[in-house]
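**Q** This is the structure I want to talk about, given as structure tokens.
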């Protein structure tokens, strides 16, 4: 579908990243991989290092820190926020929604609507559309909290995934503004490919059991458990080349833009080889294709705002800038937005000592068993 939304301004973006990082060579060492083998992986994926949260730290903790900083810099009082959306595949619990917990932790009013959207790769662009739609129907301010702690979702010996994922939490502030430029959104879904990026034993279809924690070697020779991410890289690549160029064509037609009008293209940071191939196919100049995968890896739903913070913070602080953001992947799902962005509030990336940060999970368990 295609939609145009007016009077919605992205007021600011903040990103929180764990201080602890791990290089590709540190990841490869326990696997017995040689330097040449590791270099080939880096050349293909583009991931030189990733930032990894301590196991006690949840995505909500990182997003909370980003939200607190953003609210402070925007001078947004908690009582002025009408809605909170938490977009993530790594929620605190299956039940309740993490957004409800974050509403409480942030001190937002009881009149605040709060709910989760469990999307990954396309999560940021879907979240922008959802939050903007809430403002278009009456909300004045929406806090969009997006991120994932995906690193812990891979089997430590699965070479197809263990090099890819980093952890991040972000906050984006949306508000009503009659002078805001129109944003064009394009969204789509093809659920026939759901099984190609999937954690099989993660819900009610296949509930986790003792067997879910037993690793089995897959057709590609990599071990995985039922609770681990199962990814078919070839299918992901084929999906991306099949669906993203048509999505971009539709976006440009709907917005009236061309590649020349677009000053920055910020895609989901899936894989360097794939993004470079995609850029060539869509004839996007290299200087307009913004990447953060070398520094942070694939940070799932947070990869777009994190890339903007790393690569164009000063541009956006001083704006406006014609940007296109495009998310695509798990589901299959995809969404893109073309808009004029800035000037906005964008604090420097916050690096968090997650080893000394108690998680909401621990706090809640203490309360439950008190």
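**Q** Contact order normalised by length for segment 184-341, with contacts defined as Cα pairs under 8 Å and 6 or more residues apart; what percent is it? It would help to have the intermediate numbers written out before the result.
**A** Numbers: 233 pairs, mean separation 50.1, N = 158.
Once divided by the residue count of segment 184-341, the mean separation gives 32 percent.
**Q** Which shape class applies to segment 196-286: rounded if a/c is under 1.5, otherwise prolate when a/b exceeds b/c and oblate if not, where a ≥ b ≥ c are the square roots of the Cα gyration tensor eigenvalues?
**A** Note, shape of segment 196-286 comes out prolate.
**Q** Looking at the calculated P(r) for segment 184-341, what percent of the C-alpha pair distances fall above 28 Å?
**A** 28 percent
**Q** Any idea what the relative contact order of the chain is, in percent, if you count C-alpha pairs under 8 Å spaced at least 6 apart?
**A** On the way: 841 pairs, mean separation 104.4, N = 370.
Over the chain, the number comes to 28 percent.
**Q** If you don't mind, another one. Could you work out how much longer the chain between residue 136 and residue 19 gets when fully extended? Use 0.36 nm per residue separation minus the Cα distance between them, nm to one decimal.
**A** On the way: separation 117, 0.36 × 117 = 42.12 nm, distance 3.75 nm.
Full extension from residue 136 to residue 19 adds 38.4 nm.
**Q** At R0 = 25 Å, how high is the FRET efficiency between residue 259 and residue 237 if r is their beta carbon distance? Nearest 0.05 is fine.
**A** Numbers: r = 22 Å, r/R0 = 0.90.
Using R0 = 25 Å, I get an efficiency of 0.65.
**Q** Let me ask something else. Could you give the nm distance between label points at residue 215 and residue 34, where each point is 7 Å from its Cα heading toward the beta carbon?
**A** According to this spin-label approximation, the distance is 2.3 nm.
**Q** Please compute the modelled spin-label separation between residue 182 and residue 1, points set 7 Å along Cα→Cβ, answer in nm with one decimal.
**A** Rounded to a tenth, the inter-label distance reads 1.8 nm.
**Q** In addition: Any idea what % of Cα-Cα pairs in segment 19-63 are farther than 11 Å?
**A** Value for segment 19-63: 69 percent of Cα pairs lie more than 11 Å apart.
**Q** Now for a different question. What number, in nm² with one decimal, is the all-direction average of the projected area of the convex hull of the alpha-carbon atoms of segment 50-190? Please list the in-between numbers first.
**A** Details: hull surface 40.0 nm².
For the Cα atoms of segment 50-190, the hull's average projected area reads 10.0 nm².
**Q** Same structure, new question: For the chain, give the share of DSSP beta bridges that are antiparallel, in percent and rounded to the nearest 5; count only bridges with both residues there.
**A** 70 percent
**Q** Normalising by the residue count of segment 170-275, find the relative contact order in percent from Cα pairs under 8 Å and 6+ residues apart.
**A** Over segment 170-275, the number comes to 24 percent.
**Q** Okay, moving on. Would you list 352, 259, 199 from fewest to most Cβ contacts within 10 Å?
**A** With the sparsest Cβ surroundings first, the list reads 259, 199, 352.
**Q** Another one. Please arrange 57, 112 by counting, for each residue, the other beta carbons lying within 10 Å of its beta carbon, fewest first. Present the calculation step by step, with values, prior to reporting the outcome.
**A** On the way: 57 26, 112 21.
The most exposed by this proxy come first: 112, 57.
**Q** Also, I was wondering about something else. Given the alpha-carbon gyration tensor of segment 72-125, what are the semi-axes of its equivalent ellipsoid in whole angstrom, ordered largest first, with each equal to the square root of 5 times an eigenvalue?
**A** 21, 14, 9
**Q** Can you sort 194, 257, 76, 332 from fewest to most other Cβ atoms within 10 Å of each residue's own Cβ?
**A** Listed from fewest to most nearby Cβ atoms, that is 194, 257, 76, 332.
**Q** For the chain, evaluate the Debye formula with one uniform point scatterer on each Cα (no solvent term) and list log10 I(q)/I(0) at q = 0.07 Å⁻¹, rounded to two decimals.
**A** -0.28
**Q** Calculate the tail of P(r) for segment 16-111: the fraction of all Cα-Cα distances greater than 22 Å, expressed in %.
**A** On the way: 2218 of 4560 pairs.
Across segment 16-111, Cα pairs with separations above 22 Å total 49 percent.
**Q** Taking just the alpha-carbon atoms of segment 165-213, what radius of gyration and Dmax come out, in angstrom?
**A** When restricted to Cα atoms, segment 165-213 yields Rg and Dmax of 19.1, 56 Å.
**Q** Where a ≥ b ≥ c are the square roots of the eigenvalues of the C-alpha gyration tensor, would you call segment 236-288 rounded, which needs a/c under 1.5, or, failing that, prolate if a/b is larger than b/c, or oblate?
**A** oblate
No lab work stands behind these numbers, since they all come straight from the coordinates. Everything numeric in this text was worked out from a predicted model, so none of it was measured. Because the Cβ atoms are built from the backbone with ideal geometry, glycine has one as well, and the counts that use them run over all protein chains shown.
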